[in-house]
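Chemist: Let me begin by handing over the structure; questions about it come next.
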Amino acid sequence: MKIVCIGGGPAGLYFALLMKAQDAAHDITVVERNLPYDTFGWGVVFSDATMDNMRAWDPPTAATIRQAFNHWDDIELHFKGRVIRSGGHGFVGIGRKKLLNILQARCEELGVRLVFEREVASDAEYPDADLVIASDGINSRIRGEHADVFKPDIVTRPNRYLWLGTKKLYDAFTFLFEKTEHGWFQAHVYKFDEATTTFIVETPEHVWKAHGLDQADQEQSIAFCEKLFAGNLQGERLMTNARHLRGSAWLNFQRVKCEQWSHFNGRNHVVLMGDAVHTAHFAIGSGTKLAIEDAIELTRQFNEIGAIREHIPAVLERYQALRSIDVLRLQNAAWNAMEWFEAVGQRYADTLPPEQFMYSMLTRSQRISHENLRLRDKTWLAGFERWFAEQSALQSGVPVVAAAATPPMFTPYKLRGVVLKNRVVVSPMAQYSCADGIPGEYHLVHLGARAMGGAGMVVAEMTCTAPDARITPGCPGLWNEAQRDAWKRIVDWVHRETDAKVAIQIGHAGPKGSTNAPWQGSGADRPLAAGNWPLVAASAQAYLEDGGQVPRAMTRSDMSRVREDFVRATRLAAEAGFDWLELHCAHGYLLSCFISPLTNRRGDEYGGTLANRLRYPLEVFAAVREAWPEQLPLSVRISAHDWVDGGITPDDAVEIARCFKAAGADMIDCSSGQVSAKQQPTYGRMYQTPFADRIRNEAGIPTLAVGAISEADHVNSIVAAGRADLCAVARPHLANPAWTLMEAAKIGYQAQPWPKQYLAAKQQLERNLERERVQAGMASAEQANRALGV
Ligand SMILES: Cc1cc2nc3c(=O)[nH]c(=O)nc-3n(C[C@H](O)[C@H](O)[C@H](O)COP(=O)(O)OP(=O)(O)OC[C@H]3O[C@@H](n4cnc5c(N)ncnc54)[C@H](O)[C@@H]3O)c2cc1C
Ligand SMILES: Cc1cc2nc3c(=O)[nH]c(=O)nc-3n(C[C@H](O)[C@H](O)[C@H](O)COP(=O)(O)O)c2cc1C
């Protein structure tokens, strides 16, 4: 085949040499606009895993890189006068120049034609090529030429960064944070050869401008950075090698994604590779890895399907199908890491103590979990766990028994006068199993079993403030004394038989009332077949467009009546002995439908701006707080994202949380969605936790994270990083009431108390799980031995 690679970066060169190494008969040319051995940039990093991959595909290249690279394991944080270091992270650093030199030399050795100092304007310049690789980098001209086919999606990010070098040598991947009068700067620092270190300085646009860096030339910018990081540089200079860039050389990262990766231009097939088709922020250091792995995958497909012109369409189709999945995964992780660095000044740097700041930074991509950190550096994590347990003991007033051996999930937490024994909460879950709103035997068993299951607190489902406030006829209520007494029986049982706390969530269904239980009639959210009651809402708008009941827009007197219903339910909840109250302002129910612009269309002082839309929910909150005992916590559940254009966004959620905080809320329970039937949520593990993180660290109020939190590792990571104070777990508790006991045993935490009647099971479970762990360890050792031929 005749192949032309436009652009001689890592992608173009590596693909060229891999294909030539597979079959010397291929006619391959790499065309590069720069001089040979001339390039921009300093060092790049990639992981040990990428090196293994390269070794499998072209051992000579991997061997030469191996001799030239710098390997290091540690990450070191310099923050607020503290230096914190953790190990086991495994990076390879190499000068970009060195890497390209190695790839160029190998290309020449194999017979790839290298053409330098030639700027290609179009793929049409190579009409006789079977395949054109557009490996022309982030500003790809070829991608631009066929933008209608490739459909690039390019997002420019707000932070500014400057890619510098220094002769000061560092023995760890180092992160430096410095605060100025205008905000925070950070430097990402890593040595890449015996004499040089990459030094990337980054800051938000507004901080950059406030320092006048938008007016500064390269010399002035370097002088500024040298002064800012003088304490660390200790007299060493910073250097640039981006003189080709005009102006200040401070860049904005651009995230590139393409819908289509290849194109037949009428004569030849053109395919995008490397930065031309996707970029990943340097916070995760993987742009070169992606470029290299693209080259490997395309070569693999030619090997498998056949490296002849006829097979090119099939090869390219498979290349995109396979690569785009891995790339998306990595881009998601890179996006999280990038956002962490973009938000660090406004969210974490001023709020988190250095130990927790380090933990948050290490887990910023959300791909590294608590147990993952243990595998990387057991000693550092043990020290962190001890620190966290001690902080928690100070916060809760509960003395630490064995701080050294307490995972974050199992540390106590105090809010007002209530201490939870650990960070797990059974999330409220509607059971639709009451008659006349009275919880009976079913609820005693359901909530009792979960209270025995090890969670710090059990939250009873949405309990309605009046008969017409119910979602379904089976919902529980708190509008009369019979209901209060029925709840008291359950609360007393939980208090007598367990050490769990018990909360109740009070709410009004609003536009989503008078419907079926999910298993009845035509299913959830649908009106009852008979016996519907009239609904009220912020506006006269049905939740379901097709056949939902249209509510009446509330009048001021409706509002006063409903507010007093909430107050009555609050008093009854206090009399029933609940430890904690949650006000339901989420999921499109009455208070939520006032907050969202999708459901609140009012023209009066209760509609329009967010402040107006919050007016009624805050009025109800204030009345409830007034009626709820001073020493007991009151949390608010909100939908932090409507997942519909024009609806509530996570930015709004921070503002909503600030308003409830100002009104006296103790915690925000961060759920999302269910406000509009048109929602398009992005599900995934812990998918709502970023909302809890933002609200906790930007609005400065404790949060409860919820949503697809399904293992101890998740809870540990969330709580340890300060993304939330507590974790609510719903569906896993339907599957297993003793979820917390089980998770404790799975991670080998034996200090978790069990109900005395169940102790025999604890020992057996722990023994069996320990045996499984040993067997799994033996099996993986055996596998490793087999792979090594031992
Ligand atoms: C500050 C910063 C730090 C980074 N750190 C890392 C890191 O630590 N680890 C990592 O893996 N990656 C890192 N990257 C990203 C990395 O540099 C790229 O992802 C990687 O180089 C992509 O390889 P590529 O071959 O696709 O593109 P490039 O390396 O950009 O190569 C494209 C080549 O095409 C040439 N070219 C462009 N247009 C034409 C044309 N019309 N005609 C002829 N030639 C042309 C260019 O001169 C260039 O040589 C970093 C990037 C930045 C900006
Ligand atoms: C059967 C069921 C009933 C629910 N009822 C309520 C409820 O009454 N109030 C509420 O705020 N959320 C309710 N939810 C939402 C859960 O509290 C929780 O936010 C959601 O299930 C996500 O958590 P998970 O991924 O751990 O299940 C319910 C969820 C389920 C599965």
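Chemist: Quick test of your reading of the structure: Ala653 fulfils all but one of (1) assigned to a helix (DSSP H, G or I); (2) small (Gly, Ala, Ser); (3) under 20 Å from Gln395 (Cα atoms). Name the failing condition by number.
Modeler: Status for Ala653: all satisfied but (3).
Chemist: Out of all the residues in segment 380-390, which are surrounded by fewer than 19 Cβ atoms within 10 Å (Cβ to Cβ) and touching a residue at least 12 places away in the same chain (Cβ under 8 Å)?
Modeler: Ala382, Arg386, Trp387, Glu390
Chemist: Further, regarding this structure: Of all residues in segment 196-230, how many are away from ligand 1 (no atom under 16 Å from the Cβ), in contact (Cβ under 8 Å) with a residue 24 or more places away in the chain and among the small types (Gly, Ala, Ser)?
Modeler: Matching residues across segment 196-230 total 2.
Chemist: Here is a further query. Can you run down the residue pairs with Cβ atoms below 8 Å, 6 or more apart or on separate chains, where the first is in segment 728-753 and free of Cβ contacts under 8 Å to residues at least 40 places away in the same chain and basic (Lys, Arg) and the partner is away from ligand 1 (no atom under 16 Å from the Cβ) and part of a helix (DSSP H, G or I)?
Modeler: Going by the 8 Å Cβ cut-off, the qualifying pairs are Lys746/Ala712; Lys746/Leu769.
Chemist: Please state which of the following conditions Ser710 fails to meet, knowing it meets all the rest: (1) closer than 26 Å to Ala430 by Cβ; (2) small (Gly, Ala, Ser); (3) more than 12 Å from ligand 2 (Cβ to nearest atom).
Modeler: Tallying (1) closer than 26 Å to Ala430 by Cβ; (2) small (Gly, Ala, Ser); (3) more than 12 Å from ligand 2 (Cβ to nearest atom), Ser710 fails exactly one: (3).
Chemist: Go through (1) without any contact (Cβ under 8 Å) to a residue 60 or more places away in the chain; (2) under 30 Å from Ala542 (Cα atoms); (3) open to solvent by 50 Å² or more (accessible area, probe 1.4 Å) and name the single condition Ala430 misses.
Modeler: Failing condition for Ala430: (3).
Chemist: On to the next question. If the Cβ limit is 6 Å and pairs must be 6+ apart or interchain, which residue in segment 461-489 that is under 27 Å from Arg731 (Cα atoms) pairs with which residue that is open to solvent by 30 Å² or more (accessible area, probe 1.4 Å) and of a type in the set (Val, Ile, Thr)?
Modeler: As it stands, the answer is Gln483/Ile438; Ala486/Ile438, since those pairs meet every condition given.
Chemist: Kindly indicate whether any position in segment 480-488 is over 36 Å from the mean Cα position of the chain (by Cα) and within 15 Å of Cys593 (Cβ to Cβ).
Modeler: no
Chemist: Next up: Is it the case, given these coordinates, that Thr599 is at pLDDT below 95 and either assigned to a loop (DSSP other than H, G, I, E, B) or open to solvent by 30 Å² or more (accessible area, probe 1.4 Å) (or both)?
Modeler: Answer is no for this residue.
Chemist: Same structure again: Could you pull out every one of the strands (runs of 3 or more DSSP E) wholly within segment 81-137 that has 2 or more residues that are closer than 30 Å to Pro354 by Cα?
Modeler: Qualifying strands (runs of 3 or more DSSP E): 82-86, 91-95.
Chemist: Restricting to segment 303-325, count the residues that are in contact with an Asp or Glu (Cβ under 7 Å, 6 or more places away or on another chain) and open to solvent by 40 Å² or more (accessible area, probe 1.4 Å).
Modeler: 2
Chemist: Report, by residue number, each residue of segment 247-269 that is surrounded by 14 or more Cβ atoms within 10 Å (Cβ to Cβ) and more than 30 Å from Arg309 (Cβ to Cβ).
Modeler: Ser248, Ala249, Trp250, Leu251, Phe253, Gln254, Arg255
Chemist: If you check Ala449 against the conditions, is it away from ligand 1 (no atom under 16 Å from the Cβ) and in a loop (DSSP other than H, G, I, E, B)?
Modeler: no
Chemist: Any residue in segment 287-302 that is more than 25 Å from Trp335 (Cα to Cα), at pLDDT 95 or above and open to solvent by 10 Å² or more (accessible area, probe 1.4 Å)?
Modeler: The answer is yes, given that some residue of segment 287-302 is more than 25 Å from Trp335 (Cα to Cα), at pLDDT 95 or above and open to solvent by 10 Å² or more (accessible area, probe 1.4 Å).
Chemist: Is at least one residue of segment 45-52 among the β-branched types (Val, Ile, Thr) and within 28 Å of Tyr348 (Cβ to Cβ)?
Modeler: So far as segment 45-52 goes, yes, one or more of its residues are among the β-branched types (Val, Ile, Thr) and within 28 Å of Tyr348 (Cβ to Cβ).
Chemist: From Ile656, Ile638, Ile668, Ile648, which residue is free of Cβ contacts under 8 Å to residues at least 40 places away in the same chain, open to solvent by less than 30 Å² (accessible area, probe 1.4 Å) and within 22 Å of Phe566 (Cβ to Cβ)?
Modeler: Ile668
Chemist: For segment 123-140, how many residues are over 33 Å from the mean Cα position of the chain (by Cα) and surrounded by 14 or more Cβ atoms within 10 Å (Cβ to Cβ)?
Modeler: Number satisfying all stated conditions: 8.
Chemist: Then there's this: So which residues in segment 194-207 are part of a helix (DSSP H, G or I) and either open to solvent by less than 10 Å² (accessible area, probe 1.4 Å) or within 16 Å of ligand 2 (Cβ to nearest atom) (or both)?
Modeler: Val207
Chemist: For segment 158-193: of the residues being in contact (Cβ under 8 Å) with a residue 40 or more places away in the chain, away from ligand 1 (no atom under 14 Å from the Cβ) and among the acidic types (Asp, Glu), which is least open to solvent (accessible area, probe 1.4 Å)?
Modeler: Glu178
Chemist: Moving on to the next point. Output the residues belonging to segment 585-596 that are aliphatic (A, V, I, L, M) and either part of a loop (DSSP other than H, G, I, E, B) or within 16 Å of ligand 1 (Cβ to nearest atom) (or both).
Modeler: Ala586
The values are calculated or read from the model by the stated rules, or taken from the named source; none is laboratory data. A quick note: this is a predicted structure, and the numbers were derived from the prediction, not measured. Heads up, the Cβs are rebuilt from the backbone with ideal geometry, glycines too, and the neighbour counts pull from every protein chain shown. Please note that ligands, DNA and RNA were not included when accessible areas were found on the heavy atoms of the full protein model with its side chains. Shrake-Rupley method; radii C 1.70, N 1.55, O 1.52, S 1.80 Å.
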